[in-house]
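**Student:** Following this message is one structure expressed as structure tokens.
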Amino acid sequence: MYIVLEGIDGAGKSTQISALKGWLEDSGLEVETIVEPTDSDIGVLIRKILQNPNATDENIQKILGLLFAADRLLLVDKIAKEEYCNKIIISDRSFYSSLAYQNHPEWIAEINKFAKKPDIVLLLDLDVDLAIERCSGEDEFEKKSFLIDVKNSYLDLAKDDKDRFKIINANNGPKKVQSDIKKAIAPFLGICLSGID
């Protein structure tokens, strides 16, 4: 099974992935975690470009879109390898991040058409003010406006694909969020949820 966690910056994806991995392994399942961008040469280049102050430039955004799509093709090959068979794969982000964060969604969808689609997308839905507080402690208007747009894009994606997306209220404490995540995925994995609030 391929499980993806999505959400705006500060939603708590890394924390929840770590907790989810531990719970699944305690349940007797083999788990592999991945993150986008990957640690491939392309992923390293993406991270370098993202540190550039001009990364918001329209042409650089298009280049990033293409690089992310190429990085995901490498990920498809990696996931297809025998070592990943019969494992639960949990990913920090997927092509849905590109759809939510970048302009030109039709073009982004086209260049990512060969990306592996997740079985479940856990959308950690966080209040934008809380996200800004977690990330920087500064209430920057431009950043807030951008994150509101990204949050709304994620919610639109979830509305369009209700079978795949599970919206998790990330405004709650980490334990409650983890409990809600377990409730969302347990039916797909046949795991008993006794003792979970």
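The values are calculated or read from the model by the stated rules, or taken from the named source; none is laboratory data. Worth saying up front: this structure is predicted, and the values here are computed from it rather than measured. All Cβ positions, glycine included, derive from the backbone under ideal geometry; neighbour counts span all protein chains shown. Protein only, heavy atoms only, side chains kept; ligands, DNA and RNA dropped before computing areas. Shrake-Rupley method; radii C 1.70, N 1.55, O 1.52, S 1.80 Å.
**Student:** Show the residue pairs that are 6+ apart or on different chains and have beta-carbon atoms under 6 Å apart, the first residue being within region 99-114 and closer than 19 Å to Ile148 by Cβ, the second being β-branched (Val, Ile, Thr) and in a helix (DSSP H, G or I).
**Tutor:** If the second residue must be β-branched (Val, Ile, Thr) and in a helix (DSSP H, G or I), the pairs left are Leu99/Ile108; Ala100/Val150; Tyr101/Val150; Gln102/Ile108.
**Student:** If you scan region 33-72, which residues turn out to be of a type outside the set (Val, Ile, Thr) and either outside any helix (DSSP H, G or I) or in contact with a Leu (Cβ under 7 Å, 6 or more places away or on another chain) (or both)?
**Tutor:** Glu36, Pro37, Asp39, Ser40, Leu45, Gln51, Asn52, Pro53, Asn54, Ala55, Asp57, Leu67
**Student:** What number of residues within region 89-105 are at pLDDT 95 or above and more than 22 Å from Ala11 (Cα to Cα)?
**Tutor:** Residues in region 89-105 being at pLDDT 95 or above and more than 22 Å from Ala11 (Cα to Cα): 0 in total.
**Student:** When only residues in region 139-153 that are surrounded by 15 or more Cβ atoms within 10 Å (Cβ to Cβ) and among the hydrophobic types (A, V, I, L, M, F, W, C) count, which is farthest from Asp119 (Cα to Cα)?
**Tutor:** Here the residue is Phe146.
**Student:** Going by the conditions given, is Leu122 among the aliphatic types (A, V, I, L, M) and more than 30 Å from Pro174 (Cβ to Cβ)?
**Tutor:** No: the conditions fail for Leu122.
**Student:** Please work out which residue is least open to solvent (accessible area, probe 1.4 Å), limiting yourself to region 154-197 and to residues that are of a type in the set (Ser, Thr, Tyr) and more than 17 Å from the chain's Cα centre (by Cα).
**Tutor:** Filtering first and then ranking leaves Ser179.
**Student:** What residue, among those in region 1-29 that are acidic (Asp, Glu) and either at pLDDT 95 or above or in a helix (DSSP H, G or I) (or both), is nearest to Leu157 (Cα to Cα)?
**Tutor:** Restricting to residues being acidic (Asp, Glu) and either at pLDDT 95 or above or in a helix (DSSP H, G or I) (or both), the top hit is Glu6.
**Student:** Let me ask you something else. All but one of (1) without any contact (Cβ under 8 Å) to a residue 60 or more places away in the chain; (2) open to solvent by less than 20 Å² (accessible area, probe 1.4 Å); (3) under 23 Å from Leu122 (Cβ atoms) hold for Ser94; which doesn't?
**Tutor:** Looking at each condition in turn, Ser94 falls short on (1).
**Student:** Which of the residues that make up region 48-75 are within 16 Å of Phe95 (Cα to Cα) and more than 16 Å from the chain's Cα centre (by Cα)?
**Tutor:** Those that are within 16 Å of Phe95 (Cα to Cα) and more than 16 Å from the chain's Cα centre (by Cα): Gln61, Lys62, Ile63, Leu64, Leu66, Leu67, Ala70, Leu73, Leu74.
**Student:** Hey, another quick one. Anything in region 38-67 that is open to solvent by less than 50 Å² (accessible area, probe 1.4 Å) and over 22 Å from Lys143 (Cβ atoms)? List them, or say none.
**Tutor:** Scanning region 38-67 gives Thr38, Ser40, Ile42, Gly43, Leu67.
Here is a yes/no grid of residues against (1) touching a strand residue (DSSP E or B) at 6+ places or on another chain (Cβ under 9 Å); (2) touching a residue at least 60 places away in the same chain (Cβ under 8 Å):
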| position | (1), (2) |
| --- | --- |
| Val4 | yes, yes |
| Gly7 | yes, yes |
| Ile17 | yes, yes |
| Leu24 | yes, yes |
| Ser27 | no, yes |
| Val31 | yes, no |
| Ile34 | yes, no |
| Ile42 | no, no |
| Ile46 | no, no |
